[in-house]
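First the structure, in the form of structure tokens, and then the observations on it.
The values are calculated or read from the model by the stated rules, or taken from the named source; none is laboratory data. This one's a predicted model, so the numbers in the text were calculated from it and none came from an experiment. So basically every Cβ, Gly included, is an ideal-geometry build from the backbone, and we count neighbours across all protein chains shown. When the accessible area is computed, the model is the full protein with side chains, heavy atoms only, and any ligands, DNA or RNA have been set aside. Shrake-Rupley method; radii C 1.70, N 1.55, O 1.52, S 1.80 Å.
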Amino acid sequence: MGKEALSKGMIYLLLSLGAILMLLPFVWMISTSLKASNEVMAMPPIWIPSEWQWENYSRAAEVAPFGKYFINSVIVTILSTIGELLTTILAAYAFSRIHFYGKGIVFAVLLGTMMVPGEVLLIPNFVTISNLGWIDSYEALIVPWVASIFSIFLLRQYFFSVPKELSYAAKVDGCSDFKFLWYVMVPLAKPALITIGLLKVIGSWNAFLWPLIVTNSQEMRTLPVGLSAFTTEAGVKYELLMAASSMVILPMLILFFIMQKYIISGVARTGIKG
Amino acid sequence: MKIRLDQLTMKFDETTAVNNLSTTINDGELVSLLGPSGCGKSTTLMLLSGLYKPTSGQIYFGNQDVTKWDAEKRGIGMVFQNYALYPHLSVLKNIMFPLKMQKVPKKEAMERAKEMADLVQIGHLLDRKPGQLSGGQQQRVAIARALVKKPNVLLLDEPLSNLDARLRLEMREEIRRIQQEVGITAVFVTHDQEEALSISDRVMLMKDGIIQQDSMPQWMYKHPENEFVASFLGNPPINLLTIVKKANGYQIGNSDQLLNVPAFTLPKEDNLDVIHIGVRPEDFFVTTNGNQTFTGKIIHIETIGRDTLIRMEIGDTTIRALVDPQHDLQVGDTCRLGVSDTNIHYFNVESGQRLHPVERSMENARETNMEEHA
């Protein structure tokens, strides 16, 4: 009994330490966003602002057209997530259920591309996009991101765990491949699809480097890129940057709280159990 | 619907799963495909369903050649060993699924699904998900789903293997009841002889992709066409002994006993020096009045429920016999066992084929078979 309580105590202690470590930057961001500019860099660090500068938020919002950035971010996030889900479902089904010539090799090549670091692809992708004349457009922000090998791999494994008899039963019941995919496989793979979708939404919302490279005008900027507006020749206005960052991160935070159950069960189910 | 298979062959790379199989299944008949694993019975069913396409040969439903038709076009219902219910759909939606694919109006589909659910006695479970049902209930749902679209043929692939013993007995009676109530042609794959013999109109026993015997269950049991059929059916298994031709009759193994049967019951092929004989354990009776066929020493006695199983040694051969527990037998006793002449089966040593006795020619045997069929 005592032993059990002790080990439980240890577990909670470690978990608490981990949680504090994870939360620290977040708390620091919020605290900085409410400081006056002279307190931001103060040593020793000031955790609780002497005077709460709520106007930092309204001042930050005036620095750049965040409304436009927000709409851009939403459009890019939604479209690239829908696109990725569609391509992932179709590709994963093909790789798990349909026999075609060279399937193994094609899949191996696709997996191989996962080993190429994203930074290496920045320039070739940029060249491609500019040859297509897509610089500074939604296409440039969305199209390169509508397929993910990792997602295909994840969903393919999930599809493999669906017994073959189910597809036989569906065939006998009058399903074509496409109907079977739509009416049986997709509903069954819902947890995996939610996981893939959430990862995509988070990744897409936070994407910085690619939008920075392919957009020039303010009209096309997304929120993370917009945050660079606080970096001026005179230095970085940290209190405003942090205020804006807090606002940018808010939708993700809300999403996480709503979908927490799915994120955790989705990751657990697709990662550990078939 | 009448089904005809014509020289059906299925090859997977180098292995031939089904080899030149021809047969006819009559309308409304329940036929079992029986055999050890890997004998081609499941492959035959998959060929019937259209999920596999044969390497060669034809399949006819009625007069229609359906060999090249896909599964969804053949109008079949299928029940799988692991039920293969859609886990995300309720029982009602599972049963309605084939109708939804046929674009049957929702209201009609629902009525038909409910009707079918009542037939298989799961009307009270319609809102449950498959995961909340017992194995037997899931199997009932699977049967309802297979039957709801009024298929031409019902195919069952080892439908009882995942159920526990008691439920298996109940479900096999249910399958028979439902099949007869609907009047559908059904093909039932199983490796369990008891299942096959108990519910089918006809049994096809397969081995290595070839039908070994195709006849009514009791006929198959009583008149095995070859040694494989004889040894596959029956529990405890049939006794197979070797008899050797001598000047004055057939000698049992290396013992000094001659097989004591009337000459006219022996096989008419008298040019064979060695013959195998088969006797089912339950066909023996203990005797004392000189009409014994076998005499030997009891080496083991086991009482299982209502039966007593003895093992008896004759020379270097051992035979198993189920005898009346009333006899007071002890290990070490000398025991005399009799067998009725018609219960001794003779087989060719090399081919394993049944040898027919002098008295009854092959033609006679065929006729009897036909009569029993009728």
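General remarks:
- Residue list for the range A:159-185, filter: among the aromatic types (Phe, Trp, Tyr) and either over 28 Å from the mean Cα position of the chain (by Cα) or at pLDDT below 90 (or both): A:TYR168, A:PHE178, A:PHE180
- Any hit, the range A:168-187, residues being open to solvent by 60 Å² or more (accessible area, probe 1.4 Å) and more than 14 Å from chain B (Cβ to nearest Cβ): no
- Within the range A:186-217, restricting attention to residues that are among the small types (Gly, Ala, Ser) and not in a helix (DSSP H, G or I), the residue that is modelled with the lowest pLDDT is A:SER217.
- Inter-residue pairs, beta-carbon under 7 Å, first assigned by TED's automatic domain parsing to the domain that holds B:GLU313 and in a strand (DSSP E or B) and in the range B:256-268, second modelled with pLDDT under 80 and open to solvent by less than 40 Å² (accessible area, probe 1.4 Å), 6+ apart: B:PRO267/B:PRO357
- Wholly enclosed strands (runs of 3 or more DSSP E) of the range B:107-216 bearing at least 2 residues at pLDDT below 90 and not hydrophobic (A, V, I, L, M, F, W, C): none
- If the condition is being open to solvent by 40 Å² or more (accessible area, probe 1.4 Å), farther than 21 Å from B:ASP341 by Cβ and among the basic types (Lys, Arg), then the range B:193-231 contributes only B:LYS207.
- Qualifying residue in the range B:65-86 (condition: farther than 21 Å from A:TYR168 by Cα, outside any helix (DSSP H, G or I) and assigned by TED's automatic domain parsing to the domain that holds B:ASP201): yes
- Selection status of B:VAL79, farther than 30 Å from A:PRO191 by Cβ, within 12 Å of chain A (Cβ to nearest Cβ) and at pLDDT 90 or above: no
- Residue tally, condition within 12 Å of chain A (Cβ to nearest Cβ) and in contact with a helix residue (DSSP H, G or I) (Cβ under 7 Å, 6 or more places away or on another chain), over the range B:118-142: 2
- Subset of the range A:108-161 [of a type outside the set (A, V, I, L, M) and farther than 26 Å from A:SER73 by Cα]: A:GLY112, A:THR113, A:PHE153, A:ARG156, A:GLN157, A:TYR158, A:PHE159, A:PHE160, A:SER161
- Residue check: B:ALA17 meets all listed conditions (1) touching a Lys or Arg at 6+ places or on another chain (Cβ under 8 Å); (2) part of a strand (DSSP E or B); (3) open to solvent by 60 Å² or more (accessible area, probe 1.4 Å) but one, namely (3).
- If you check B:LEU5, B:LEU51 for being within 25 Å of B:GLN193 (Cα to Cα) and crowded, with 18+ Cβ neighbours inside 10 Å, only one passes: B:LEU5.
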